[in-house]
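Read the structure below first, then the notes.
Please treat every number below as a calculation from the coordinates, not as lab data. All values reported here derive from a predicted model rather than from experimental measurement. Cβ sites come from the backbone with ideal geometry, for glycine too, and all protein chains shown count toward neighbours.
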Amino acid sequence: MFCSRRLASHYAPRRLPPTIKELLGADTLHETSVSLQGWIKSIRKQKRVAFAVVSDGSSAKGVQAVFPNEFDLKSLSNGVSVRLTGHLVPSRGAGQAKELQVKTFDVLGECPQETYPIQKKDLTNEYLRENVHLRARTSATAAMLRLRDCLHRSIHNYFRTQSFVHIHAPILTANDAEGAGETFRIAPVAAHPDAQVAQTHTPTEFFGAPAHLTVSSQLHLEAFHAALSRVYTANPAFRAERSQTSRHLSEFWMVEAEWALQDGIAELCDVVEDLLRDAVSKAFTECVEDVEILHAADRPERLEALKMAVSADTPRWRRMSYTEAVETLQQCSDMGRSLSTEHEKYLAEEIVKGPIFVTGYPRDIKAFYMRVEDPSLPREKQTVSCFDLLVPHMGELVGGSVREERVHVLEESMRDAGLIQQSKEGPYAWYLALRKYGAMPHGGFGLGFERLVSWVGDIDSVKECIPVPRTVGRIDL
Ligand SMILES: NC(=O)C[C@H](N)C(=O)O
């Protein structure tokens, strides 16, 4: 008796109703009545029947809903949201296995056609950026968002299989982790009830020191690595670069990892490659329709090349020193001793025809935290233990390095970058102190997440790879 009463009141989690994708995937019987909600992507009204494609975003295609002519369909048009009940039956039309024979419908939200911005015509990327609050209703943006989600999940799963601990690194910070001076400074406009006073606040008044939006979580991850050995984050990062290119955003997401290395740069490159091969392969199996929507039909070779790059039959990606890369490029073009973005793209696209790790860049063009390979060489000959992963049509996708653990070498690099003065006090003192208390050889990398989405989805600009892009001159939502 006691037992059965306990069972009767047993906790049962709420299961949300099936999505359109789930309904179409299930073995639903003809007679079973189903109910679904979504919005109309397109509608074709004929004399005796109307066909609508209804989407809830759970899959690329949505469901074809067939409305018999006894309904008054005046209220149905593109963009209208509806609740439908009916029977799923085998479809006689091409393009879908099942369709919904509608028995009842309710309009949940109207959509005036005269002003609806997402009409069925070719909408330019620029137009869609102006209507970014509605652009997820286009097939391409919705496909990108599902692809993004899939890549994000795979990355978290990969780190879990390698026992990394996910860290929420701070977004507000006192340091410029790249030392490049491209941070956004923040100031407390609403810090004081008297707006007049608030206007006069300086950036230092709130925290007692200048505060910035983070450009990279690396330095914080290095601190957590020192206790937890393998750590990573997938955080937003902010850069006040004025570059108006297809590869830059003011706010972007970066996957960053930091861990105790046993095998230096080789181990770093292996992990980056394994992570990417895993995530990209999963996208090809889990997001087949989305990848199809996103890849332009007139350049199928790009999809082929991507599939080849992550195929288990393809050996590890090429690795080449910076010096070798420059020499290789010099054979095909007239260039100096440094690699530009165009050279990097050419290397990956035309010479290697796939991803390539370029290692050992000159010390003077890389960030202060990278480990100097041989500090006894003359300064101009010194290189750092780092890599850039270059991929076709993109250039740099990932950058990483072994971190400098020798305090005197690190101090010298930081002084050169103008990050510390003689006193060594200031926002980087803790970073230097990490080298004092049981530091281990370690390294890590940063992967520009939108660039990954762009590469996998063959999307020309990273502005189309993020839900709401932030770029110079634009913050309208
Ligand atoms: N975590 C990293 O290695 C990324 C590096 N700090 C960058 O922003 O390029």
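Loop only by DSSP, 16 or fewer other Cβ within 10 Å of the Cβ. Give me the GluC sites (Glu not before Pro) in the stretch 210-280 that pass, ordered by residue number. Within the stretch 210-280, the qualifying GluC sites (Glu not before Pro) (loop, at most 16 other Cβ atoms within 10 Å) are 241. Once the gyration tensor of the Cα atoms in the stretch 20-116 is diagonalised, the equivalent ellipsoid follows with semi-axes of 21, 15, 12 Å, ordered largest first. Comparing the chain with the 2.2 N^0.38 Å rule of thumb, its C-alpha radius of gyration ratio is 1.18 (two decimals). Summary of packing: across the peptides 118-129, 385-396, 347-358, the per-residue average of other C-beta atoms within 10 Å ranks them, highest first, as 385-396, 347-358, 118-129.
Straightening the chain between residue 409 and residue 71 buys 113.9 nm, computed as 0.36 nm per residue apart minus the Cα-Cα spacing. If R0 is 25 Å, the Cβ-Cβ spacing of residue 48 and residue 131 corresponds to a FRET efficiency of close to 0.10.
For the Cα atoms of the chain, what angle does the longest principal axis make with the long axis of helix 300-310, in degrees from 0 to 90, nearest 10? Approximately 60 degrees, to the nearest ten. Projecting the Cα positions of 437, 312, 272 onto the charge dipole of the chain (unit charges on Cβ atoms of Lys, Arg, Asp and Glu, taken about the Cα centre) puts 312 furthest along the positive direction. For the chain, the longest principal axis of the C-alpha atoms and the axis of helix 218-228 are separated by about 90°.
Here the extension length gained between residue 124 and residue 353 equals 79.4 nm, from 0.36 nm per residue of separation less the Cα-Cα distance. Mean separation of Cα pairs under 8 Å and 6 or more residues apart, divided by the residue count, gives the stretch 20-116 a relative contact order of 29 percent. Between residue 168 and residue 297, the simple spin-label model (points 7 angstrom out along Cα→Cβ) gives 4.6 nm. Here the peptides 107-115, 81-89 are ranked by packing, the mean other Cβ count within 10 Å, and the order with the highest first is 81-89, 107-115.
Averaging the sequence gap over all C-alpha pairs within less than 8 Å and six or more residues apart, then dividing by the number of residues, gives the stretch 344-463 a relative contact order of 23 percent.
Checking the cross-link pairs 345/381; 47/98; 21/98; 21/61; 45/74 against a 18 Å limit on the alpha carbon distance flags 345/381; 47/98 as lying beyond it. Entry note, the chain: relative contact order of 13 percent, from Cα contacts under 8 Å with a spacing of 6+ residues. Alpha-carbon geometry of the stretch 339-403: the Rg and the Dmax are 12.6, 38 Å, given in that order. Counting only DSSP H runs of at least 4 residues, each contributing -39500 (n - 2.57), and dividing by the residue count of the chain, the helix-based mean residue ellipticity at 222 nm comes to -8500 deg cm²/dmol.
Overall form of the stretch 220-365: rounded. Here a/c, set by the Cα gyration tensor axes a ≥ b ≥ c, is under 1.5.
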